[in-house]
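Have a look at the structure below before the remarks.
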């Protein structure tokens, strides 16, 4: 059934989005502010399940592209959010009927809410990943042959562009250069698809899960229960480390927040390697969880999600792992989002400690 997003739901939804963002996706507070502003100004947003999207719908994703660290000082406006959608409507020659999330993590769960409110359009309860990934082509629609382009982008100065590229990897490469030149953060819209394509390619019920996770953390704290345990239960994952952050190295390069963090436990050490999102978790030098499964850092007592730009020396944290959508473990998908793509010489380690037997194929990697 459809449901309605009102301003009072935004804090919980943004918190849950930060959990699924696996450390990336941008500050949930900033995204929440933008969504709440749009809802107060333009009215509530209707969220429709994937199964109810008509076959002939015109669906566009809306997202922020760039380094999450930049958004702390470079706040987007509603005009900047909707400009790419208007540009794509002109390029496609068709009116958009539904907005969707490219990824469910961080601000890219709340920016589409702002876009849907400002445009007066329904929002699909689904997304292209079931988590967050750092590059534009890293969405399940890519596996289904859905083109990212034409892709529109805009910045806070009023610059708007539309790209037409030969494939989604080239869309990422060209758009990333533009993003860096435009201040390492832009709003984008693309992946035009029909309703039938959306039902096949997207991950369903993503926004519902965000809200359930976020509200569950708050409810557990209110009941003096363990919010981390509640999050693990909802995600079907496991907690695999607890300790204190003792070192963080982070830099914004080529449009990404890249770095590593070290967490010391009672008698072991965890190292987290990230590019916007956490990609590899190593305990005493051995990989225990890697992309595409989810690596999530939560504050030890409150269960609040901590983004990679929010990691600080002295924080007490608990780290959990959770399964990704099973489609991410195919050979074609691992070539696009597995640890090898990011330069890590290790097979894909699943959340439960098992290792993927599937090897990325040369054809998929090409």
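The lone criterion from (1) in contact with a strand residue (DSSP E or B) (Cβ under 6 Å, 6 or more places away or on another chain); (2) on the phi < 0 side of the Ramachandran plot; (3) at pLDDT below 95 left unmet by residue 78 is number (1).
Residue 94 fulfils the conditions (1) on the phi < 0 side of the Ramachandran plot; (2) more than 21 Å from the chain's Cα centre (by Cα); (3) touching a residue at least 40 places away in the same chain (Cβ under 8 Å) except for a single criterion, (3). Against the conditions (1) over 23 Å from residue 4 (Cα atoms); (2) modelled with pLDDT of 95 or more; (3) part of a helix (DSSP H, G or I), residue 179 satisfies every one except (2).
Restricting 13, 20, 50 to those that are in contact with a helix residue (DSSP H, G or I) (Cβ under 7 Å, 6 or more places away or on another chain), closer than 23 Å to residue 184 by Cα, surrounded by 17 or more Cβ atoms within 10 Å (Cβ to Cβ) and assigned by TED's automatic domain parsing to the domain that holds residue 119 reduces the list to 20.
Across the range 148-169, the number of residues qualifying as in contact with a strand residue (DSSP E or B) (Cβ under 9 Å, 6 or more places away or on another chain) and in a helix (DSSP H, G or I) comes to 1.
Yes/no matrix, rows are residues, columns are (1) farther than 18 Å from residue 242 by Cβ; (2) touching a strand residue (DSSP E or B) at 6+ places or on another chain (Cβ under 6 Å); (3) surrounded by fewer than 17 Cβ atoms within 10 Å (Cβ to Cβ):
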residue	(1), (2), (3)
262	no, yes, no
277	yes, no, no
292	yes, no, no
296	no, yes, no
314	no, no, yes
319	no, yes, no
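Here residue 184 meets each of (1) under 19 Å from the mean Cα position of the chain (by Cα); (2) at pLDDT 95 or above with one exception, condition (2). Answer yes or no as to whether residue 266 is more than 19 Å from residue 350 (Cα to Cα) and either in contact (Cβ under 8 Å) with a residue 60 or more places away in the chain or part of a strand (DSSP E or B) (or both). Judged against the criteria, residue 266 is not a match. Checking each residue in the range 121-143 for being part of a loop (DSSP other than H, G, I, E, B), under 25 Å from residue 90 (Cα atoms) and in contact with a strand residue (DSSP E or B) (Cβ under 9 Å, 6 or more places away or on another chain) picks out 121, 122, 128, 136, 139.
Does any residue of the range 328-343 turn out to be over 30 Å from residue 200 (Cβ atoms), crowded, with 17+ Cβ neighbours inside 10 Å and modelled with pLDDT under 95? No, every residue in the range 328-343 fails to be over 30 Å from residue 200 (Cβ atoms), crowded, with 17+ Cβ neighbours inside 10 Å and modelled with pLDDT under 95.
The values are calculated or read from the model by the stated rules, or taken from the named source; none is laboratory data. A quick note: this is a predicted structure, and the numbers were derived from the prediction, not measured. Ideal geometry is used to build each Cβ from the backbone, glycine not excepted, and the neighbour counts take in all protein chains shown.
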